[in-house]
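Remarks on the structure that follows.
None of the figures in this text is laboratory data; all of them are computed from the coordinates on show. Source: prediction; values computed, not measured. In this analysis, Cβ positions are derived from the backbone assuming ideal geometry, glycine residues included, and neighbour counts consider all displayed protein chains.
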Amino acid sequence: MDRVPNPRLPASTAGRPALDPMGLRDLMSRLPTGVTVVCARVGEDIQGLTVGAFCSLSLDPPLVLICVRKAGSSHDFIERAGSFAVSILGEGQEWLASRFADDTVAPPERLDGVEYVSRATGAPVLTDAVGWVDCELVAIHPGGDHSIFVGAIHTGAYDPDRAPLVFFDRRYLALGQAEPTA
Ligand SMILES: Cc1cc2nc3c(=O)[nH]c(=O)nc-3n(C[C@H](O)[C@H](O)[C@H](O)COP(=O)(O)O)c2cc1C
């Protein structure tokens with residue numbers, strides 16, 4: 001696994017003061033994102049968290065990335081696992097997004113009562129996900145208080161007939177509420 005050294009982070013951009021954390025959260029709340037649950041396995045132990053910062057990185061080779069907060073329990077767990085699976089949530093699965101983001105629920109207990117299948121890496125994939133990828137962790141890049149985990153896709157699949165769950169303005173939305181522009 002590659003590990004990239006931490007660069008010096010700029011305190012401001014183009015002479016403007018850096019946004020404070022809440023200001024940046026407000027700004028980012030204007031960008032709609034999909035909602036995923038990322039799970040990993042270390043031996044018999046499994047756990048997961050809700051992740052919005054998931055995106056495609058490379059098509060050839062097939063790579064994705066997720067950003068995971070360093071202070072959370074999932075960060076070191078995924079690193080120890082050396083692999084992770086990303087399940088894309090669909091309409092009606094807000095409860096899963098809330099469950100896996102709930103830091104009052106112990107991470108392994110977030111999977112209680114949730115149907116999943118363990119894929120090739122051993123990582124759990126939620127049974128009713130709209131789509132999923134099962135990945136080997138191939139690089140960890142620094143990203144301030146988060147790390148950027150790069151995953152090489154082992155396998156993946158999706159259901160073209162299911163609509164994804166969307167997070168926008170700190171709320172969950174069904175894509176059916178959006179109008180096509182063209
Ligand atoms: C819609 C949504 C998106 C989120 N996206 C991320 C994310 O991209 N990365 C992250 O580390 N936490 C994200 N979180 C927060 C974590 O899910 C939450 O802090 C969780 O309790 C972390 O679990 P852990 O302490 O086991 O790591 C998100 C939460 C929500 C509700």
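Quick notes
- Taken over the range 92-118, the residue count meeting the criterion of being under 17 Å from the mean Cα position of the chain (by Cα) and more than 14 Å from the ligand (Cβ to nearest atom) is 1.
- Residue count for the range 24-63, restricted to those that are touching a residue at least 40 places away in the same chain (Cβ under 8 Å), surrounded by fewer than 20 Cβ atoms within 10 Å (Cβ to Cβ) and under 22 Å from residue 168 (Cα atoms): 9
- Residues in the range 82-91 that are assigned to a loop (DSSP other than H, G, I, E, B) and under 12 Å from the mean Cα position of the chain (by Cα): 89 alone.
- From the list 84, 168, the lone residue that is in contact with a strand residue (DSSP E or B) (Cβ under 6 Å, 6 or more places away or on another chain) and not polar (S, T, N, Q) is 84.
- Here residue 79 fulfils each of the conditions (1) assigned to a helix (DSSP H, G or I); (2) within 8 Å of the ligand (Cβ to nearest atom); (3) not aliphatic (A, V, I, L, M) apart from (2).
- Considering only residues in the range 119-134 that are within 15 Å of the chain's Cα centre (by Cα) and aliphatic (A, V, I, L, M), the one that is farthest from the ligand (Cβ to nearest atom) turns out to be 125.
- Looking across the range 140-174, the residues that are outside any strand (DSSP E or B) and within 15 Å of the ligand (Cβ to nearest atom) come down to 144, 145, 169, 170.
- Selection from the range 31-45 of residues that are more than 10 Å from the ligand (Cβ to nearest atom), closer than 21 Å to residue 104 by Cβ and either touching a helix residue (DSSP H, G or I) at 6+ places or on another chain (Cβ under 6 Å) or not in a strand (DSSP E or B) (or both): 40
- Among (1) surrounded by 15 or more Cβ atoms within 10 Å (Cβ to Cβ); (2) under 28 Å from residue 176 (Cα atoms), the one test that residue 139 misses: (2)
- Selection status of residue 129, part of a strand (DSSP E or B), in contact with a strand residue (DSSP E or B) (Cβ under 9 Å, 6 or more places away or on another chain) and small (Gly, Ala, Ser): no
- Cβ-Cβ under 8 Å pairs, at least 6 apart or on other chains, the range 85-112 side under 11 Å from residue 37 (Cα atoms) and free of Cβ contacts under 8 Å to residues at least 60 places away in the same chain, far side among the hydrophobic types (A, V, I, L, M, F, W, C) and surrounded by fewer than 16 Cβ atoms within 10 Å (Cβ to Cβ): 99/105
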